[in-house]
Structure formats: C-alpha cells, structure tokens
Amino acid sequence: MEKKIPKPTKNEIACNGPIPGDVSLYEKEFEASQKLSTPGYYKSLNSAEIADGQRSGIFPNASFTGSFTEENQVFAYRSEDIYEDTAYIINREPGEIYIVGGESPPMKGKLPAGPYIAKADAATGKQIWRTYLDNGNISGRWIANANLNIHENGYIIFAWANQLVKVDPDTGRVLKQNSIPTGDTPIIDANFKHVTFAPDGTVILKDQTRPTGCTYQGTMAVVKGKMEGLKQTNSHLVAADPDTLEILDHISLPEPATAPHIVTMFEGKIAIYMGVDSGALRCFWDGKKKKLTLDPSWVIKPLKEGQSACDAPSILGDWIILQTNGIGSDTVASSVVAVSQKDPSKMKVIFPFGDLKKGHWSFAPPKATADPDNNLIYSADMGMKKVACISIDPKSGEMEVKYTVDDITNTFQPLIGPKDKRVLILSNIKQDIKIEPVKIALFTAKYKEQVTWRDANTGKIIAESDFFEPLTINSLIVPGFGGRFYFPTANGFIILQVVPKRK
C-alpha cells in the first residue's frame, strides 16, 4: 500500500530525522522499571496495553524531557514504514517497540488485512518483522480492536475474534494457537479484545459482543449497533494457560461487558473487576482449583436512568472507580462512581461536568485514570468536550472537582513521572467543521488532533504539539524510552519528544 504522507507540520520540519530520545535516560528508566510491581507482565517501561494488569495508565518511570517552567519545543517524526490502523504500541527493551494494527477497519466495504503484530526500531519506526494473523475478507470474522501485552514469560499473548496466539517477540513466529469458547454468543459476534494477565501469570480474557444482527466492522460497530436499537448477547470470561494456551475454565457473564476488565488482589484472592451495561461485577480466579467464579456479593448498579455502560474500572486504595456513559447518552451527563471493594453498599457519585444540556451528547469511552499516590481521578467526556481532575477522600470516598479543562478527546488520560511531578498526557481534537455535532465528527473523522502535556496537579499546558491527522479510534498515546511518545494513526505513528525551547 502506498503511504499517505500528509504535508509536514512545523514539528516535523524542525525535527528533520529520527528521534533517538535522550539516550542517557535509557538505563535509568529500564532499571527503575525492574523495581515496579507488575506481576504477570514483562518488566519494562511500557509492556502492557495500558501500563499493567490494573490498566492504571500510570507510567512512573517515563521521562518528560521538557521544562515545567519555561517554553517548550515539540519535535515530531513519522514512522518510516506504514502500519495501517496502528492501535497500541508497547516496548520490551530500549530501542524496540511492538505495534498492533489492522484492526480498525471501515464499518462497511473491503477490510485491510489484519490484525497484525509488528516489531520496529523505536527511533525510526522502521519495520523489523510483521506477522499478519487474519484477513477478514477471507475469514469472515468481525475484526475489531485488540490489546497488546508482553507476558512475564517474555512472549506476546494476543487475542482477536475467538482466536488466541502466543508470538515470539524476537522473530514474530506464532508458537501456539487456540480457539476461545464464546458461550451463547455466535463466533461471528465475539471479539476477545480484553486480554490481561493475573498475578499468578494466568491469561484472563473477556470478549466484546457485537449486537445481534449488526454487520458493521470495527469496535465502533458496538456503539453503532446499540444506537440502532440492536441488542448485545452476554460476554464470556475465560482463563488460559500462558505457555500452552490451554483453556483452563470459562464462564458466561450475566450481561454484556463491552469495556475491558482489570485484575488485582483482594483479601488474598485474584479479583477481576469489570464494567457492564448495568454497572459493575467482580469475579475471582482460583489458580489452584483452576476455577472462575462470579461473586454475587459485589454487584454494582450505579447508573441513572438514561446513562449507558460503565467503562473499565480503576483502583484507588479500597475504592473501585467507574466512569459511566461508555457508549454515550443523549439525556444524562456522565458521572464518576467510587465503590468500596469491601462493602459495595458504600458508593459515592459525582457529575464532574454538570448536567447535560438539551440536544447535547455525553460520550465517555475511556476509563477514568486513578492516581492513588495523589488521591486524584481524571475523567474525560468527548461529547461534553471536557476533562476533569477530581480529588477523592481515600477514607470516605467523597469526591470534589479540582479543575476542568476544555478538551475534546476520546482516548485515555495517561500519567507519567514521579508522584510529585506527574504529567498528564491528553489528546485534543480540533473539528474541521466547528458546528458539526461531535457525534457526527466521531464517525466521519473530519477533525485534527494534537498531543498536550499538562501539569497533572493544575491542568496547565506545559507543551503542545502541532495538529496531526486523527489518533486511531480506541488507541492510546504512550511513552517510550528517553522521553519519546508515540501517537498512533491510520497510516502508522508519529514519534514525539519535548525539550526546552532554545533561545
């Protein structure tokens, strides 16, 4: 495929070449990463789709190489090879990155081949190897977003549709494959996007389900199908062996769980928390008995009438943090909910953006980011065009809005750096047609998008990139070694670095 190269921006012209980052930071960042507690995951700066099993979105050892007080300059460099529909980028060792793409196809028409996994040079984006795992035109499968993670055993464990593979990160060779049970959902409507690793190393998977009768492709098929009044079947939870990919146990869930789950420890047990259409559930994994069980004592129903599904949970001390309106609402604003892990009757709710105006739309697909070190929560609502920082009392769960900023984003809110100097990474959308409703812009992609680096404590912008083509839907801006950042797009990715502006 011919690479579609947009006109270079000022950030790209100023860069004029690959971005090695600050090489003096590599060893320090890698060694610090070895001290992190990331059971189940390979120890690196960013070896999981979104940081760790809890999908915390916090990268404490990633560096911000700009200034907190003076003017900064952003440099940008496009990947030298094309990677259609780049979604997630992770790393293992300094100098290498892994990419998953080809899984954000158009809703109708011919599909690009994929998903695929690729390994590339971290400074140039030059491909080292690429392994195609499917072609929906041939298989007839529903192709939608899929996560990318490196297991503590050093291998990539990857799932899509109802397929599970183990991939050698050095060669791209598929070492093992297995099919995943889908319960009552037809295989054609299942996508096991949600892959996590439990603290004992077990692979825990859950599927998104496409509404019955929907024939759209891509993850947005779930939103589009629901908007058209079609119903989803219930999701399925699966445990698999990370070495052999043997299915160890699987259970049907009582309702759809469109958003990813998280895995943590609770009172000596491996706990799996997940958002569902009506609220949230908890399951347990017993590695000795090889048994998954639904916990009937922890079932949360925090949604107001008119709100939609909860996003993936976050953890802040004893509290599970939930973001509502994961698939949108035309009538009620999004809320952030804090629920006690020990006592589900203890629940606090805040509407960080106030009420939803008539004729407007609330859409908050990314999970809220929780920062336990600072007792702060970050919430984004694309439809309401705002991002909020919320303080929480770790004892009572009471929440209060600390600040809000005007920012249109449909992706996560990662945090980098030490707890006393956190930087908040946000994308920011500028619509081509200002009067076009955000809901329409989401599907037409008639907008441009930039990266902003903010003081996480105040929301103040300390650096901002040029506006590029849109970030791939359902993807994530991630840090890399040496102060680099990666911005996934439909045709590859953009490597960025911030440095103090030379006078």
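The values are calculated or read from the model by the stated rules, or taken from the named source; none is laboratory data. Keep in mind that this is a model prediction, so the values were computed, not measured. No Cβ is skipped: glycine too gets one built from the backbone with ideal geometry, and neighbour counts run over all protein chains shown.
Remarks
- Scan segment 3-30 for residues that are assigned to a loop (DSSP other than H, G, I, E, B) and either of a type in the set (Gly, Ala, Ser) or touching a helix residue (DSSP H, G or I) at 6+ places or on another chain (Cβ under 8 Å) (or both) and the total you get is 4.
- Pair list, Cβ under 8 Å, 6 or more apart: segment 241-252 residue among the acidic types (Asp, Glu), other residue part of a loop (DSSP other than H, G, I, E, B) and surrounded by fewer than 16 Cβ atoms within 10 Å (Cβ to Cβ): ASP243/ASN153; ASP249/LYS290
- Considering residues of segment 62-93 that are touching a Phe, Trp or Tyr at 6+ places or on another chain (Cβ under 8 Å) and of a type in the set (A, V, I, L, M) only, the residue surrounded by the most Cβ atoms within 10 Å (Cβ to Cβ): ILE89
- Residue count for segment 31-46, restricted to those that are in a loop (DSSP other than H, G, I, E, B), out of contact with any strand residue (DSSP E or B) (no Cβ under 8 Å at 6 or more places or on another chain) and farther than 16 Å from ASP200 by Cβ: 4
- Residue ID - farthest from ASP207 (Cα to Cα), chosen from residues in segment 168-186 that are in contact with a Lys or Arg (Cβ under 7 Å, 6 or more places away or on another chain) and in a strand (DSSP E or B): LEU175
- Criterion: surrounded by fewer than 17 Cβ atoms within 10 Å (Cβ to Cβ) and either modelled with pLDDT under 95 or under 20 Å from the mean Cα position of the chain (by Cα) (or both) - qualifying residue of LYS28, LYS10, LYS4: LYS4
- Which listed residue, of TYR26, TYR42, is of a type outside the set (S, T, N, Q) and within 30 Å of ALA259 (Cα to Cα): TYR42
- Selection status of SER329, without any contact (Cβ under 8 Å) to a residue 60 or more places away in the chain and either touching an Asp or Glu at 6+ places or on another chain (Cβ under 7 Å) or farther than 29 Å from PRO418 by Cβ (or both): yes
One line per residue, one yes/no per condition, for (1) of a type outside the set (A, V, I, L, M, F, W, C); (2) surrounded by 23 or more Cβ atoms within 10 Å (Cβ to Cβ); (3) touching a Pro at 6+ places or on another chain (Cβ under 9 Å):
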{"residue": "GLY326", "(1), (2), (3)": "yes, yes, yes"}
{"residue": "VAL337", "(1), (2), (3)": "no, yes, yes"}
{"residue": "LYS342", "(1), (2), (3)": "yes, no, no"}
{"residue": "PRO352", "(1), (2), (3)": "yes, yes, no"}
{"residue": "ASN375", "(1), (2), (3)": "yes, no, yes"}
{"residue": "THR404", "(1), (2), (3)": "yes, no, yes"}
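- Test: residue in segment 464-476 that is without any contact (Cβ under 8 Å) to a residue 12 or more places away in the chain and either small (Gly, Ala, Ser) or surrounded by fewer than 21 Cβ atoms within 10 Å (Cβ to Cβ) (or both): no
- Within segment 31-58, restricting attention to residues that are touching a Leu at 6+ places or on another chain (Cβ under 7 Å) and of a type outside the set (A, V, I, L, M), the residue that is surrounded by the most Cβ atoms within 10 Å (Cβ to Cβ) is GLU49.
- Matching strands (runs of 3 or more DSSP E) fully within segment 113-161 where at least 1 residues are crowded, with 22+ Cβ neighbours inside 10 Å: 116-121, 156-160
- In segment 253-270, the residues that are charged (D, E, K, R) reach residues that are outside any strand (DSSP E or B) and modelled with pLDDT of 95 or more with C-beta atoms within less than 6 angstrom, at least six apart or across chains, in these pairs: GLU255/ASN234.
- Under the condition of being free of Cβ contacts under 8 Å to residues at least 60 places away in the same chain and over 16 Å from the mean Cα position of the chain (by Cα), the residues counted in segment 343-372 number 20.
- Matching residues in segment 54-98 - criterion: being more than 30 Å from GLU152 (Cα to Cα), polar (S, T, N, Q) and part of a loop (DSSP other than H, G, I, E, B): SER67, THR69
- Flag for GLU103 being within 30 Å of LEU25 (Cβ to Cβ), part of a loop (DSSP other than H, G, I, E, B) and acidic (Asp, Glu): no
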